[in-house]
Structures are given as structure tokens and as C-alpha cells.
Amino acid sequence: MRIVLVGPPGAGKGTQAAYLAKNLAIPHISTGDLFRANISQGTPLGVEAKSYMDAGNLVPDSVTIGMAEDRMEQADAAEGFLLDGFPRNLGQAEALDEYLKNSGLKLDAVLDLEVPEEEVVKRIAGRRICRNDSSHVFHAEYNKPKAEGVCDVCGGELYQRDDDREATVRKRLEVYHTETEPIIDYYKDQDLVVTIPALGKVEEVTKRAMDALQRGE
Ligand code: AP5
Ligand code: ZN
């Protein structure tokens, strides 16, 4: 299956992607995680991406599209993937369509995680991620690690993301509304969008998403 996950910052895309990718046995491809891995390794791509991310802006398409396509290539797109955080504007959505068309492939579904804004703000404020791997995600209140400040998955140190400061979060939400929301209509026109109410426990949201995919909505 080839699936795109969309939703505002803090909606739970990364959290859900980890479970959905495991259940569906497909790779989880997160452009945010790829950028953060490049930043922690100090690569030129990481250096370029960091200034945009810290300001809450999108990293330019000229950098992002090539990186996402390389990762899909590496994962063997024909076997399926779960995209988290890509595409994030119309240019990226069109580039993805072109890439899939050239490979003779199609998307199966676009899952739109729906969460009220006041909830995403709370989710982001309490988020803690792992120094070793930013896909290991916890919450100080809602999704506590077994030992405070320590990653359950790998034992790494948990910390707060630089772009999770309040002013940056506000900017990320604004960018979501202006640049990312239009792709939902773009995919509605292709009859691919399934809206998943994403309030409630993590496992309840996963079940809603799995049920929707199994019904072939
Ligand atoms: P990215 O890393 O993609 O961030 P985002 O889209 O802002 O999404 P988040 O990671 O903030 O949230 P999430 O929805 O994954 O929520 P999570 O599961 O962590 O992008 C960061 C930056 O990179 C961008 O601003 C941009 O600069 C750049 N970038 C990335 N992709 C790009 C692209 N394609 N083009 C250009 N630039 C790009 O959950 C949040 C918290 O809530 C966690 O603490 C979690 O434990 C908790 N939680 C999750 N589910 C629940 C639940 N059901 N109940 C209670 N708490 C929950
Ligand atoms: Zn970890």
C-alpha cells in the first residue's frame, strides 16, 4: 500500500505512522525525521534545512523533493510506503504524482488526521523526542516513557525539539493552513482522502485508521 498521512503539526502523524507502518509492513518515510537526522549528522543538507525549520517555514522544494524521492527509491516504492510530512504543498503533491506516474504506481489513500488546534498546541508543548532517533516520540503527560527522560525504544535521552517553542509553533500552524491544507482538496479531487478523527487514545486512532484502510475507503 502507498499511503500519505496529513494533518497539522502535533496531530500525531509520527506517532500513528510508527504503528501503521508496522501493522502494514511498509516503510515509514518522514521528511521531518530525515531532516533532523541530517542536522544531527551535520550534513550540508542538514545545515540548509535547519534555518528554515527553526523559523517554522518549509524547507524549499528544490531540496525536499529530491530527498523524498531518493528515500522512496531506496525503500522500493513498488513495495509500498507510508509518507509522513510529505507532500506538504501543491508543488510537492504534483511532483509526487509525476514520480509515481513515471514508476507506473498510484497512491491508495491519503489519511487526514483531524485534531482541534487547542489540542495540537497541548500535544506539541509536552512532546519529548529521542536524541538517537526523532521517530521515537513521547509526551510528558499523554504518552509517558517508562522512565522520565529516557527513550523506551533505545534508552536514548529525551529532549524538546527546537521548533516546538511557542512562537515557532504558531508559525508552523499558519504555514500548515496556507501551504499544506490546499493539498487536501487536491487529493479530494482524486477521491483519495479519508478523514480520521484523531482525538482519543493513540491506539483508538490507530484502529480507526486501520479500519478505514481495510474498508478500502
Ligand atoms: P515535521 O517533523 O514533519 O513536523 P510537523 O508536521 O510539524 O509534525 P510534528 O512532528 O510536529 O507532529 P506529528 O503530527 O508527527 O505529531 P507527533 O506524532 O509527534 O516537520 C518539521 C519541519 O521540517 C517543518 O516545519 C519544515 O520546516 C520541515 N519539513 C518537514 N517536511 C517537509 C516538507 N515536506 N517540505 C518542506 N519542509 C518540510 O505527536 C505530537 C505529540 O502528541 C507527541 O508528544 C505525542 O506523544 C502526542 N500524541 C500523539 N498522539 C496522541 C493522542 N492520540 N493523544 C494524546 N497525545 C498524543
Ligand atoms: Zn530512542
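Considering every residue within segment 174-197, establish whether at least one is touching a Leu at 6+ places or on another chain (Cβ under 9 Å), open to solvent by 70 Å² or more (accessible area, probe 1.4 Å) and charged (D, E, K, R).
yes
Does Asp133 satisfy being in contact with a Lys or Arg (Cβ under 8 Å, 6 or more places away or on another chain) and modelled with pLDDT under 95?
No, not satisfied.
Looking only at segment 54-68, how many residues end up being within 16 Å of the chain's Cα centre (by Cα) and not in a helix (DSSP H, G or I)?
The number of residues fulfilling the criteria is 4.
Could you grab me the full set of residues in segment 136-147 that are under 16 Å from Ala125 (Cα atoms), away from ligand 2 (no atom under 11 Å from the Cβ) and open to solvent by 30 Å² or more (accessible area, probe 1.4 Å)?
Within segment 136-147, Ala140, Glu141, Tyr142, Asn143, Lys144 meet the criteria.
Out of Asp152, Asp133, which single residue is surrounded by fewer than 16 Cβ atoms within 10 Å (Cβ to Cβ), within 16 Å of ligand 2 (Cβ to nearest atom) and within 21 Å of Leu20 (Cα to Cα)?
Sole residue among the options that is surrounded by fewer than 16 Cβ atoms within 10 Å (Cβ to Cβ), within 16 Å of ligand 2 (Cβ to nearest atom) and within 21 Å of Leu20 (Cα to Cα): Asp152.
So which of Lys171, Lys106, Lys146, Lys101 ends up being touching a residue at least 40 places away in the same chain (Cβ under 8 Å), farther than 19 Å from Ala11 by Cα and among the charged types (D, E, K, R)?
Lys106
Do we have Asp61 as modelled with pLDDT of 95 or more, open to solvent by 20 Å² or more (accessible area, probe 1.4 Å), in contact with a helix residue (DSSP H, G or I) (Cβ under 8 Å, 6 or more places away or on another chain) and under 29 Å from Glu203 (Cα atoms) here?
So Asp61 does not fit the description; no.
How many residues are more than 14 Å from ligand 1 (Cβ to nearest atom) and either open to solvent by 60 Å² or more (accessible area, probe 1.4 Å) or within 19 Å of Pro8 (Cα to Cα) (or both) if we restrict to segment 155-166?
1
Could you list all residues from segment 69-92 that are open to solvent by 10 Å² or more (accessible area, probe 1.4 Å), assigned to a helix (DSSP H, G or I), closer than 14 Å to Ile26 by Cα and more than 12 Å from ligand 1 (Cβ to nearest atom)?
If the condition is that a residue be open to solvent by 10 Å² or more (accessible area, probe 1.4 Å), assigned to a helix (DSSP H, G or I), closer than 14 Å to Ile26 by Cα and more than 12 Å from ligand 1 (Cβ to nearest atom), then Glu73, Gln74, Ala75, Ala78, Glu79 are the ones that fit.
All but one of (1) away from ligand 2 (no atom under 16 Å from the Cβ); (2) open to solvent by less than 70 Å² (accessible area, probe 1.4 Å); (3) modelled with pLDDT under 95; (4) in contact with a helix residue (DSSP H, G or I) (Cβ under 6 Å, 6 or more places away or on another chain) hold for Ala95; which doesn't?
In the conditions (1) away from ligand 2 (no atom under 16 Å from the Cβ); (2) open to solvent by less than 70 Å² (accessible area, probe 1.4 Å); (3) modelled with pLDDT under 95; (4) in contact with a helix residue (DSSP H, G or I) (Cβ under 6 Å, 6 or more places away or on another chain), Ala95 misses (3) alone.
Is there any pair with a first residue in segment 84-98 that is closer than 13 Å to Pro60 by Cβ and a second that is assigned to a loop (DSSP other than H, G, I, E, B) and among the hydrophobic types (A, V, I, L, M, F, W, C) whose Cβ atoms are under 7 Å apart and which are 6 or more apart or on different chains, and what are they?
If the second residue must be assigned to a loop (DSSP other than H, G, I, E, B) and among the hydrophobic types (A, V, I, L, M, F, W, C), the pairs left are Arg88/Leu58; Asn89/Leu58; Gln92/Phe86.
Residues checked against (1) assigned to a helix (DSSP H, G or I); (2) near ligand 1 (Cβ under 8 Å from one of its atoms); (3) within 21 Å of Asn143 (Cβ to Cβ); (4) in contact with an Asp or Glu (Cβ under 8 Å, 6 or more places away or on another chain):
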site: Pro9; (1), (2), (3), (4): no, yes, yes, no
site: Thr15; (1), (2), (3), (4): yes, yes, yes, no
site: Leu20; (1), (2), (3), (4): yes, no, yes, no
site: Phe35; (1), (2), (3), (4): yes, yes, no, no
site: Ile39; (1), (2), (3), (4): yes, no, no, no
site: Tyr52; (1), (2), (3), (4): yes, yes, no, no
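For the condition more than 15 Å from ligand 2 (Cβ to nearest atom) and modelled with pLDDT under 95, what is the one hit in Arg161, Arg165, Arg172?
Arg165
One residue is enough: does segment 110-120 have a residue meeting the conditions open to solvent by less than 60 Å² (accessible area, probe 1.4 Å) and within 16 Å of ligand 2 (Cβ to nearest atom)?
There is no residue in segment 110-120 that is open to solvent by less than 60 Å² (accessible area, probe 1.4 Å) and within 16 Å of ligand 2 (Cβ to nearest atom).
The values are calculated or read from the model by the stated rules, or taken from the named source; none is laboratory data. Since we're looking at a predicted model, the values are computed, not measured. Every residue, glycine among them, receives a Cβ derived from its backbone with ideal geometry; neighbour counts consider all protein chains shown. When the accessible area is computed, the model is the full protein with side chains, heavy atoms only, and any ligands, DNA or RNA have been set aside. Shrake-Rupley method; radii C 1.70, N 1.55, O 1.52, S 1.80 Å.
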